[in-house]
Every structure is written in structure tokens, then in C-alpha cells.
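The values are calculated or read from the model by the stated rules, or taken from the named source; none is laboratory data. Everything numeric here is computed off the predicted structure, so don't read it as measured data. Cβ placement follows ideal geometry from the backbone for every residue including glycine, while neighbour counts extend to all protein chains displayed. Note: accessible area is taken over every heavy atom of the protein model, side chains too, but ligands, DNA and RNA are not part of it. Shrake-Rupley method; radii C 1.70, N 1.55, O 1.52, S 1.80 Å.
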Amino acid sequence: MRRLASMVAWDIGLQIRSHFYTATALTTAVIAGLIFLIPFDPLPAQFATLLVFVDPAVVGLTLVGAFVLVEKGTNTLSALGVTPMPAWVYVGAKIISFTLLGGLSGLIIAVLAMRGGINYPVMLAALILSNAVAVLIGFALVTRARSVNGFVANILLASLVLILPVIAYFDLASPLLAAGLKIIPSYAMLVLLEAGLSQNASPVGAIMAMLWLSSWTVVGWFWALREYHRQLATGGL
């Protein structure tokens, strides 16, 4: 655990020096400005949920990939390759540091969007699980990319897939299509985030979404570890 704590501290320090916190703050400020410009008080729950959902989609999916590229550019990965640090420490530090960054930003957006009535335990669970899943997917995708262009292409494709469940979330899809889209983890993210934005949300729906995201977290964890051993540990990126 001491190695994990040290790696998390290293990641946060490098994120600050590389202006990841600045970029996230700007994204949060833009969304906050949009909230104040929308002529609804309070915002419709589904629309507020969509605004909060943007945060893990941006921070978790995109920034973790950019961060790994920064580490490669600064030869951090080469240095880590000659240390006895296990893969789970490296991947775990990414989950913790980026979930902290994305969770803080998402919580700020949630508070501004609803201005009260937030179910904080559910919201924190939603932000942690949503960011963890997005970080693991983003990490696996960047390790498989052979170039920056390849990473961008992977992220664009993944973003498109993760955005598709919004159609089902707003009941704009046929029953058959909606059933397929609900398998994608971002649908569970939306359901759980909406539950966190309301004191009257269905506990059954929230629990099912939490279990589904937890399952995706386990799958993503083993996927990320496999890609680490296949790509980063062997210098494949």
C-alpha cells in the first residue's frame, strides 16, 4: 500500500505540473457557465445528469490516455520498467488519481446543476464507479495505440460508443435498440448519476446500475492489467 500511495502522489504531482488540473478546471468552468445560462431553475434531472456525465467521459476516458503519453514522453515508463513495481500499483494509481480529479469536478457540477436535493452517498458512488470504468477503458485504449493518431482514433470510436446510450436514456430508441444500448456501461453511469441527483430515485434502479458498473470495473481492471503487460511492460506503446 505504501508503493500505491507513493505512485498516487507521483501521478497527482505530474498531473499538476502537466496542467491536467488546469484543463479540468477550465472544462468545469465552461459547464458551470452553461448551467447558469440555461433558463431553467431547477434544471430537469435528466439534463443535469447529462452535464455531470460529461465529466467522467472527458477526464476518465481522454485525460488518462494523454497522461500515459506524457509519461512516455518524459521517459517515466522506461524508468518504471527497471523497477520492481507491480502492474496493479501503476494501474491502481491511475484509477485513484484520475477518479479524484474527475470526481471533484463532477461533484462541483452536480452541486451547481441541482443546488440542493443531492443524494451524496449515491452521487459519490456514481462518480467513483463512472470515473473508474472510464479510466480503465481509456488506459486500455492508449496502451493498444501505436501512435498519437492511433490513440485519438481509439478515443473517438470509444466516445461514440459511450455516447450512444444517451439515446436510450432519453427514450429515443426502439425497445430492441434500447435493450442493446443499455448493456454499454455509460447507460448505467447515467442512471446512477441521476439517482445521485435526486432524493426520490428508485433504489432498485440505482442498485442495479451500481452492480453493473462494478462488474465493468472488474472486467476493465483485468483488461488494463493485460494491456499493461502486453504493451507498456514490453515497450509496446
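Brief remarks follow.
- Acute angle (nearest 10 degrees) that the helix 148-163 long axis makes with the longest principal axis of the chain, alpha-carbon atoms: 20
- Among Asp11, Asp171, the order of accessible area from largest down is Asp171, Asp11, computed with a 1.4 Å probe on protein heavy atoms.
- Mean silhouette area of segment 94-143, derived from the convex hull of its C-alpha atoms and averaged over all directions, reads 3.4 nm².
- What you get for segment 134-237, charging only the Cβ of Lys and Arg (+1) and of Asp and Glu (-1), is a dipole of about 400 debye around the Cα centre.
- Against the chain, whose longest principal axis comes from its Cα atoms, helix 185-196 is set at around 50 degrees.
- Using Cβ point charges alone (K and R +1, D and E -1), the dipole size of the chain about the Cα centre works out to roughly 680 debye.
- Summarised as an ellipsoid, segment 87-237 has semi-axes of 28, 19, 14 Å, derived from the eigenvalues of the Cα gyration tensor scaled by 5 and square-rooted, with the largest first.
- Restricting the trypsin sites (Lys or Arg not before Pro) of segment 93-154 to loop positions (DSSP other than H, G, I, E, B) with no more than 13 neighbouring Cβ atoms within 10 Å leaves Arg115, Arg146.
- Between helix 87-114 and the chain: long-axis angle, C-alpha atoms, 0 to 90°, nearest 10: 30
- Dividing the summed -39500 (n - 2.57) terms of all DSSP H runs of n ≥ 4 by the residue count of the chain sets its mean residue ellipticity at 222 nm at -25000 deg cm²/dmol.
- With the whole protein complex present, Val191 retains an accessible surface near 40 Å², based on a 1.4 Å probe.
- Kirkwood hydrodynamic radius of segment 20-72, Cα pairs, Å: 12.4
- A simple count of charges around Phe67, restricted to other residues whose Cβ falls under 11 Å of its Cβ and scoring Lys, Arg +1 and Asp, Glu -1, yields 0.
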